[in-house]
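The values are calculated or read from the model by the stated rules, or taken from the named source; none is laboratory data. As the structure is a computational prediction, the values presented were derived from the model and not from experiment. No Cβ is skipped: glycine too gets one built from the backbone with ideal geometry, and neighbour counts run over all protein chains shown. Surface areas here come from the heavy atoms of the whole protein model, side chains and all, with no ligands, DNA or RNA. Shrake-Rupley method; radii C 1.70, N 1.55, O 1.52, S 1.80 Å.
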Amino acid sequence: MKKIIRNNWKWILGFVLIFLCSLVLPFSGDDLDWGMKSISEYGSLLVDPTLNGRYVGNFLVILITKHAVIRSLVTALIVMGIIYMIVKETKAPLIFVCLLIILMPVSIFRQSITWASGFTNYTISTLGLLIILVGIRQIFLDKYDEKYKVVIPILIFLTSFFLENVTLFLTLLTIAVNVFYYIKHKKWNKLLVICSIVSIIGTILMFIQPAYRSVASGDDGYRTIANSLRGTIIRCVVNYVYFIHRFVAFENVILLTVITLSLRLYFKKNEKDYPKSKITILNVTFCIAMAFLTYVALLSINPSWQLDDKIQNYLNAFLSLIFIFNTLVQIIVLFYSKKSFWKVTMPLICITGLIAPLFLVDPLGPRNFFVIYVLEMIETFYILNEAKFDYEDFKYGAATVLAVMIVYYFSIYARISIVYLQRDNYIEYMSSQTVDQLVVVPEVPFKEFVHYDNFSDKHMNYVYNKNKNVREDIKYSFIPYVDWVNMMWKSGYKIVP
């Protein structure tokens, strides 16, 4: 036992830290609604037209919203699982993988980690997808373990019931891999064929759920899909300008900076391999990349330095498109003649396949791009490995930044959890000790770190009251936390804890 602990202490420490930090994550958004559902209701949810075909994700969210400890255990297991897959695939040191995970944009973090309902669909499916991608590759290369015959088809089937774009991607992926295998070997691989059949079955089962008929007919009041050529074009433009460019490129300034510097490092170490024409192209593209990253950094530091919101969105989207194209040019020029070309480009192919369906649907959110961020991380470590980056020189700096970020996030969510508790206690007091129908409650501090904490609308008002077992007639008015504390002090109510 001591030997196991000694050899794996970093992984054990990582699990414990994530578990402890997860304990202070609040339940937010529709987590309270899911928390009131029981497993016995699950059968009716399968055909509920107001839900979706995310059967496995919906089942898991019912489980993890029952108790904070269950949620923390699952969070620690899944996040460490994703980190393990990245480390195993890229051979990157654990500490650097953890650092890039915690440095993801807050907008993505709050919807894919903090929000329990988002976590079950967007983060758990990412782990499943990573395992499947590695498994499919090994099967294609005929280097797979016997257990893959059972594990990979089952995992493909289960992962088909989390996210629509992942489901479609798995079907296209398995079909494409079958075709390429046949072209290469002039025969079919039975296991790959089974994987493709399983994926098709999963796709059919997901999309026969009644909700998608409502979406297709335009009868769904929340979700829509473009159903004409003009509508498709408009939807693609709107989704790219207002969502996709932000979470693929614009808000990923830290990760994109690392990618750019990694490509530059690789270029400088291998400059002798390229003719003058390519060296000129690469030097120009690196100038373009640094100009874009500087622009994003300046805009982040001083958000008031911008044009009208609509014009700014289109400008940022255009500049992001240039940067994306610029980075693709760099990768193609640098790696096209190298043995590692297909390995380096595979994450980009997967990203393209996963993003393509997102151009057509509404609504979109930062949560849709958690898997994209993870694949961009893998791409980053692939390039760093090709550049023979010396992680050892930077490990202490990385460890220091990681430690500070852990303390930073823990302090924020601990503070949020305290205010949650204070608010719940006050509402319970007003429900049991008064007849007031309007209760003034505090907004949580750092609300940009929480997904939809406000429960003032009619539905969430009802859900909160039912979940917390307070009077149904109570309505809520939200004010800043400091103002609420002053109001409580004047009223004589003692805030606890």
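Scan segment 208-219 for residues that are in contact (Cβ under 8 Å) with a residue 60 or more places away in the chain and either in contact with a strand residue (DSSP E or B) (Cβ under 8 Å, 6 or more places away or on another chain) or buried (at least 18 other Cβ atoms within 10 Å of the Cβ) (or both) and the total you get is 3. State yes or no: is Leu321 under 24 Å from the mean Cα position of the chain (by Cα), open to solvent by less than 20 Å² (accessible area, probe 1.4 Å) and not β-branched (Val, Ile, Thr)? No, not satisfied. Selection within segment 329-368: residues that are more than 24 Å from the chain's Cα centre (by Cα) and among the polar types (S, T, N, Q). The member of this set that is farthest from Asn283 (Cα to Cα) is Ser340. Once segment 458-487 is narrowed to residues that are among the hydrophobic types (A, V, I, L, M, F, W, C) and under 16 Å from Ser431 (Cβ atoms), the residue that is nearest to the chain's Cα centre (by Cα) is Val463. For segment 182-198, the condition holds for at least one residue, the condition being that it is more than 28 Å from the chain's Cα centre (by Cα) and at positive phi. Of the helices (runs of 4 or more DSSP H) lying entirely inside segment 6-65, those carrying at least 3 residues that are over 21 Å from Ala76 (Cβ atoms) and open to solvent by 40 Å² or more (accessible area, probe 1.4 Å) are 42-45. Taken over segment 413-432, the criterion of being crowded, with 16+ Cβ neighbours inside 10 Å and not basic (Lys, Arg) is satisfied by Tyr413, Ile416, Ser417, Val419, Tyr420, Gln422, Tyr426, Ile427, Met430, Ser431.
Pairing residues of segment 125-143 that are more than 23 Å from Arg54 (Cα to Cα) with residues that are charged (D, E, K, R) and not in a helix (DSSP H, G or I), at Cβ distances under 8 Å and at least 6 apart in sequence or on separate chains, gives Gln138/Asp145.
Selection over segment 441-493 of residues that are in a helix (DSSP H, G or I), closer than 19 Å to Leu32 by Cβ and not charged (D, E, K, R) gives a count of 9.
Can you give me the number of residues within segment 388-412 that are farther than 14 Å from Phe96 by Cβ and either of a type outside the set (A, V, I, L, M) or crowded, with 19+ Cβ neighbours inside 10 Å (or both)?
Going through segment 388-412 one residue at a time, the tally reaches 5.
Here Val496 fits the description: in contact (Cβ under 8 Å) with a residue 60 or more places away in the chain, exposed (fewer than 15 other Cβ atoms within 10 Å of the Cβ) and in a loop (DSSP other than H, G, I, E, B). Residues of segment 118-165 that are among the hydroxyl-bearing types (Ser, Thr, Tyr) and at pLDDT below 95: Tyr144, Tyr148.
The sole residue among Val450, Val439, Val435, Val371 that is free of Cβ contacts under 8 Å to residues at least 40 places away in the same chain and surrounded by 15 or more Cβ atoms within 10 Å (Cβ to Cβ) is Val439. A count restricted to segment 324-367 and to residues that are open to solvent by 50 Å² or more (accessible area, probe 1.4 Å) and small (Gly, Ala, Ser) stands at 2. Residues that are in contact (Cβ under 8 Å) with a residue 12 or more places away in the chain, among the hydroxyl-bearing types (Ser, Thr, Tyr) and either under 22 Å from Pro49 (Cβ atoms) or not in a helix (DSSP H, G or I) (or both) within segment 224-241 comprise just one, Thr224. Please verify whether segment 323-335 includes one or more residues that are of a type in the set (Phe, Trp, Tyr) and in contact (Cβ under 8 Å) with a residue 60 or more places away in the chain. The answer is yes; a qualifying residue exists. If we keep just the residues of segment 141-196 that are open to solvent by less than 50 Å² (accessible area, probe 1.4 Å) and among the aromatic types (Phe, Trp, Tyr), which is farthest from Leu358 (Cα to Cα)? The qualifying residue farthest from Leu358 (Cα to Cα) is Tyr148. Is one or more of the residues making up segment 118-136 open to solvent by 30 Å² or more (accessible area, probe 1.4 Å) and over 30 Å from His185 (Cβ atoms)? The answer is no; no qualifying residue exists.
When segment 247-277 is filtered for residues that are open to solvent by 70 Å² or more (accessible area, probe 1.4 Å) and either over 32 Å from the mean Cα position of the chain (by Cα) or closer than 20 Å to Tyr314 by Cβ (or both), the ones remaining, listed by number, are Lys268, Lys269, Lys272, Asp273, Lys276, Ser277.
Here Leu173 meets the list (1) under 27 Å from Leu45 (Cβ atoms); (2) in contact with a Gly (Cβ under 9 Å, 6 or more places away or on another chain); (3) touching a residue at least 60 places away in the same chain (Cβ under 8 Å) almost entirely, failing just condition (1). Of the residues contained in segment 377-387, none is found to be more than 25 Å from Val134 (Cα to Cα) and either assigned to a helix (DSSP H, G or I) or open to solvent by 10 Å² or more (accessible area, probe 1.4 Å) (or both).
Checked against (1) under 27 Å from Ser417 (Cβ atoms); (2) of a type in the set (Phe, Trp, Tyr); (3) touching a Phe, Trp or Tyr at 6+ places or on another chain (Cβ under 8 Å), Tyr42 meets all criteria but (1). For Ser304, the criteria (1) more than 27 Å from Val241 (Cβ to Cβ); (2) open to solvent by 80 Å² or more (accessible area, probe 1.4 Å) hold in every case but one, which is (1). Name the single residue that is nearest to Ile351 (Cα to Cα) among those in segment 213-246 being among the basic types (Lys, Arg) and within 24 Å of the chain's Cα centre (by Cα). By that ranking, first place goes to Arg246. Close Cβ contacts (under 6 Å, 6 or more residues apart or on different chains) running from residues in segment 47-68 that are more than 18 Å from Thr224 (Cβ to Cβ) to residues that are small (Gly, Ala, Ser) comprise Val61/Ser117; Ile64/Ala116; Thr65/Gly35; Thr65/Ala116.
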